[in-house]
1. Counting trypsin sites (Lys or Arg not before Pro) as exposed when in a DSSP loop with at most 10 other beta carbons within 10 Å, what is the longest stretch of the chain free of them?
2. What list of ³J(HN,Hα) values in whole Hz, one per residue of the range 50-62 in order, does the Karplus curve 6.51 cos²θ - 1.76 cosθ + 1.60 (θ = phi - 60°) give from phi, with Gly and Pro shown as x?
3. Pull up the cross-link candidates among the lysines for Lys176, meaning alpha carbon to alpha carbon under 20 Å and not fewer than 8 places away within one chain.
4. Using unit Cβ charges (K, R positive; D, E negative) and no other charged atoms, how large, in debye to the nearest 20, is the dipole of the chain about its Cα centre?
5. For the range 16-77, what does the equivalent ellipsoid look like in terms of its semi-axes, each the square root of 5 times an eigenvalue of the Cα gyration tensor, given largest first in whole Å?
6. Sorted from largest to smallest, which semi-axis lengths in Å does the alpha carbon gyration tensor of the chain give for its equivalent ellipsoid, taking the root of 5 times each eigenvalue?
7. Would you mind getting me the FRET efficiency between Ala38 and Ser120? Use the beta-carbon distance for r and R0 = 41 Å, nearest 0.05.
8. Using θ = phi - 60° and the Karplus curve 6.51 cos²θ - 1.76 cosθ + 1.60, what whole-Hz ³J(HN,Hα) does each residue of the range 140-154 get, with Gly and Pro shown as x?
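Every number here is computed from the coordinates shown, using simple stated rules; none is lab data. These figures come from a predicted structure and were not determined experimentally. Here Cβ is always computed from backbone atoms with ideal geometry, including for glycine, and neighbour counts include all displayed protein chains.
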Amino acid sequence: MASIVFDLDGTLIDSAPDLQKIANDLLQANGYAPISVAETRSFIGNGASVFVEKMCTARGVPKNSEPQYIEAFLKAYQSAFDLTDPYPGVRSALEKLKAQNHKLGICTNKPIGPCRAVLSHLKLAEFFDTIIGGDSLPVRKPDPATLFAAFDALQGDVIIYVGDSEVDAETAQRAKVPFLLFTEGYRKTSVDQIPHTAPFSHFRELDDLIAQF
């Protein structure tokens, strides 16, 4: 039995459309140009506050206004899931892993409230035995304490982390755990520049990768 911990945004779900909508609603309401899908994806990975800081910097929003934008963004974030979908094959992969009695968890920098809300909306919450959000602990990824907390809650014989980004790769490296890289998420550099145990581009490949551990 393995303990398999997943990142969320860019790994299990494509939330960029919802994040872009929140950002652009805020920006356009205050007279700023919207951000693109590519910019949105590039801002994801280090938590909501960093996303907003990058968004504000990109559009020249004064630094002293950032706290107001962060507050408004987080408020809208709580129910931002209408444009979010799981990546192809995610549900069937999770069903198969649970049927094999693996323990599944999530370790994400997404705040725990929006995390639980989107998982509930997409009917994915039932698959996970533990969820660590970006505000569940005093630290967040790439600090490995977040990943250790998820693995400690699962208590599996083998531990594996699955993610999509440079932040996830650094977290796995610092925790010294195997890392499976989903290549179709929000990474900012090429696959060969991201340390990983094995890559995969579709969730139908995941079962065979897990079986190798």
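1. Counting only loop sites that pass the neighbour cut-off, the longest clear stretch is 1-122.
2. So the Karplus estimates, Gly and Pro as x, are 5, 4, 5, 4, 5, 4, 5, 4, 5, 10, x, 6, x Hz.
3. Cross-link targets: Lys103, Lys141.
4. Values: 20 positive and 27 negative charges, 51 e Å.
Once rounded to the nearest 20, the dipole reads 240 debye.
5. Values: eigenvalues 43, 32, 26 Å².
Largest first, the range 16-77 gives 15, 13, 11 Å.
6. Those come to 30, 17, 16 Å.
7. 0.90
8. In residue order, the calculated couplings are 9, 3, x, 4, x, 4, 5, 5, 4, 4, 5, 5, 4, 6, 8 Hz.
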